[in-house]
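Read-outs throughout are calculated quantities, based only on the coordinates presented, and are distinct from any laboratory measurement. Because the structure is predicted, anything quoted here is derived from the model rather than measured. Methodologically, a virtual Cβ is constructed for each residue, glycine included, from the backbone with ideal geometry; neighbour enumeration extends over all protein chains shown.
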Amino acid sequence: MLEQILTPWRWQNLFTQWPALLQAFLTTLVASVLALILALLLGVIFGLMSTSHHRLPRAIARIYVEFFQNTPLMIQLFFVFFALPYAGISLPSFTCGVLCVGVYTGAYISEVVRAGIQSIPQGQFEAAYSQGFTYLQTMLLIILPQTVKIILPPLVNQCVNLIKNTSVLAMIAGGDLMYVANNWATNGNASYGPAYLISGVLYFLLCFPLSTWARRYEEKLKQQDIQKPAAGKEVAA
Amino acid sequence: MLDYLSGLFTPTILLYLLRGFAITLRVAVIAILLSIVFGAILGLIRSYAPKPLRMLAGAYIEWFRNTPNLLWVMVCFIAAPLPSDWARCTMAYVLFTSAMMAEIIRGGLNAIPKGQFEAAHSQGFTMVGALWYIILPQCFRRIVPTMLSQIITVVKDTSFMAQVAVAELLFRTKNLMSIFYNVVGRQITAPDVFLLFGFAMLLYFAVNFTLSCIVRYLQKRNHAGAQAR
């Protein structure tokens, strides 16, 4: 590995093909954004369902979360990509990857949203209903905006996981960063050292700012709680 | 129906899949145990060591936390100096999960008041003694739920090995699709494929769901304990 990284001509080789690398990086970015939109949508819907007063939506949300959190993303992906064609449903690999990563992360986000909603005091719901707000209005206008502050750090952490998880696209030839790095590693003169290093750095550049921001923000929230112990207690009660 | 199922899940196929699951679990268990040890060391260094060491540990943790685990499986599969395929992959999981565990452990250490150290020192505990007998036990009790969630992630991530042809559960499930005719003696059909994948999912689910039930139980207990105090 080290010897490869220290060989200049391997780097030259890699950089002569920089458009392919850029293309792959963009694919990873686009896949991440699309999957994130899907995950947020599913996360909010199932998060709301899991705080419902009715048993059925709660049960459906529970099943969704438990199934997707407790089986590997890889097997879900392989199922959609390799098994569904037997039932006549074949999707292109990029769609497959976005769909699977989105639905998988949606399960995690719905748990984050649920925890956020449950942290809002019951009185807020009652106050909103008494003012004539419907369920949807209450949630969208009153409850969810208040949860944003609390759920933002875990949400951003899930976003980091999502970006890292888009690397599974490589498994089904999705053309993302991981896939292209793999190609370099296995093709021709096997320059895996530079290829893997560069792709690692690119993933790092995407994820590090997000995860650092989430940690700082969380620490700041905790600090505020310590400075205002009375307010903290009120929320806990 | 029953005939069909017993025709599909013959002892040969069941054994083939379960042996794959054994590899999955072996890699997961070894990776988890090693990464808890390394993660604890890294977490302690990052929290309490002198500054240069602290920064070094920080760099390691951030680098591995912010790159995909799959990348490390690929890298270690090619470049790690270990004899067997599964051992090289295990090393990748240890590298990655150590960083995650270190971050979790650091979170637990942060929550312990500095006064505990001073109290321990004033009672004549050495640094190591204080850590081992006083700080770490409290830290671990607090972070067990988070750690178990990470353990679930490791069990799930072992399926990355399918990509580098280590014959764990997912690889074997997929492989059965191509060798089906030779094993069962007929063409594979849609129900066969779905049932094979369903069986593999069930195995993963059984292990992970058990773990996540423990997580929820512990979280509830921790929460109740915190409120009682």
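Considering chain A as a Gaussian network with a 10 Å cut-off on Cα pairs, which listed residue, A:GLN12, A:GLN131, A:GLN69, attains the greatest mean-square fluctuation?
Highest fluctuation among the options: A:GLN131.
Stretch A:LEU22-A:THR7 to full length: gain in nm at 0.36 nm per residue minus the Cα-Cα span? Write down the numbers at each step before the final one.
Numbers: separation 15, 0.36 × 15 = 5.40 nm, distance 2.21 nm.
Residue separation times 0.36 nm, minus the Cα-Cα distance, leaves 3.2 nm.
Would you mind getting me the FRET efficiency between B:LEU56 and B:VAL29? Use the beta-carbon distance for r and R0 = 30 Å, nearest 0.05. Write out the running numbers ahead of the final one.
Details: r = 29 Å, r/R0 = 0.96.
Computed FRET efficiency for B:LEU56 and B:VAL29: 0.55.
For a quick check: sort A:SER199, A:SER110 by the number of other beta carbons within 10 angstrom, fewest at the front. Write down the numbers at each step before the final one.
On the way: A:SER199 30, A:SER110 26.
Ordered from fewest to most neighbouring Cβ atoms within 10 Å, A:SER199, A:SER110 come out as A:SER110, A:SER199.
How would you rank A:SER130, A:SER191, going from fewest to most other Cβ atoms within 10 Å of each one's own Cβ? List each step's numbers first, then the result.
On the way: A:SER130 8, A:SER191 20.
Listed from fewest to most nearby Cβ atoms, that is A:SER130, A:SER191.
Arrange the following residues from fewest to most other Cβ atoms within 10 Å of their Cβ: B:CYS213, B:CYS76. Please list the in-between numbers first.
On the way: B:CYS213 13, B:CYS76 23.
With the fewest neighbours first, B:CYS213, B:CYS76 line up as B:CYS213, B:CYS76.
Of B:LYS174/B:LYS220; A:LYS220/B:LYS51; A:LYS222/B:LYS51; B:LYS51/B:LYS114; A:LYS149/B:LYS220, which ones are farther than 29 Å apart at the Cα? Numbers along the way, then the final one.
On the way: B:LYS174/B:LYS220 39 Å; A:LYS220/B:LYS51 23 Å; A:LYS222/B:LYS51 24 Å; B:LYS51/B:LYS114 18 Å; A:LYS149/B:LYS220 23 Å.
Pairs exceeding the cut-off: B:LYS174/B:LYS220.
Over the alpha-carbon set of the protein assembly as shown, work out the extent along each principal axis and list the three values in angstrom, largest first.
That works out to 69, 59, 47 Å along the principal axes.
Using a Förster distance of 41 Å, how high is the FRET efficiency between B:LEU195 and A:ASN183, based on the Cβ-Cβ distance and rounded to 0.05? Walk me through the intermediate numbers first.
Details: r = 34 Å, r/R0 = 0.83.
Computed FRET efficiency for B:LEU195 and A:ASN183 comes out at 0.75.
Once both labels are modelled 7 Å past Cα along the beta-carbon direction, what's the B:TYR48-A:TRP213 spacing in nm?
Those two pseudo-labels are separated by 3.5 nm.
Which parts of the range B:1-34 would a label at B:ARG186 reach, counting a residue when its backbone N lies under 13 Å from a point 7 Å out along Cα-to-Cβ?
Once the point is set 7 Å along Cα→Cβ of B:ARG186, B:1-10 turn out to lie under 13 Å by backbone N, inside the range B:1-34.
How big is D for the range B:2-228, in µm² s⁻¹ as a whole number, if Stokes-Einstein is applied with the Kirkwood radius of its Cα pairs at 37 °C and 0.692 mPa s? Each step should come with its number before you reach the end.
Working: Rh = 19.9 Å.
It diffuses with D of about 165 µm²/s by this estimate.
Run the paramagnetic zone check for A:GLN146: 7 angstrom along Cα to Cβ, then residues of the range A:96-129 with backbone nitrogen under 18 Å.
So the set is A:113-129.
Quickly estimate the mean residue ellipticity at 222 nm for chain A, helices only: each DSSP H run with n ≥ 4 gives -39500 (n - 2.57), and the total goes over all residues, rounded to 500.
Values: 11 runs with 179 residues, N = 237.
The per-residue figure over chain A is -25000 deg cm²/dmol.
Quick one: which of A:92-102, B:128-138, B:50-60 comes out on top by average Cβ neighbours within 10 Å, and what's the full order, highest first? Working shown, then result.
Values: A:92-102: 21.8, B:128-138: 15.1, B:50-60: 12.9.
Order by mean packing, descending: A:92-102, B:128-138, B:50-60.
Compute a Gaussian network model of chain A, connecting alpha carbons closer than 10 Å, and tell me which residue from A:LEU177, A:LEU162, A:LEU202 fluctuates the most.
Largest GNM mean-square fluctuation: A:LEU202.
What FRET efficiency, computed as 1/(1 + (r/R0)^6) with R0 = 56 Å and r the Cβ-Cβ distance, is obtained for B:THR10 and A:THR134, rounded to the nearest 0.05?
Numbers: r = 57 Å, r/R0 = 1.01.
The computed FRET efficiency comes out at 0.50.
What's the extension gain from B:ALA165 to B:ASN110 if we count 0.36 nm per residue and subtract their Cα-Cα distance?
Residue separation times 0.36 nm, minus the Cα-Cα distance, leaves 15.7 nm.
Can you compute the modelled spin-label distance between A:GLU66 and B:HIS223, with each label point 7 Å from Cα toward Cβ, in nm?
That separation, rounded to one decimal, is 1.7 nm.
Is chain A best put as rounded, prolate or oblate by its Cα gyration tensor, with a ≥ b ≥ c the root eigenvalues, rounded for a/c under 1.5, and otherwise prolate when a/b is larger than b/c, oblate when not? Mind showing how you got there, number by number?
Working: a/c = 3.30, a/b = 1.73, b/c = 1.91.
It is oblate, given that a/c is not under 1.5 and a/b is not larger than b/c.
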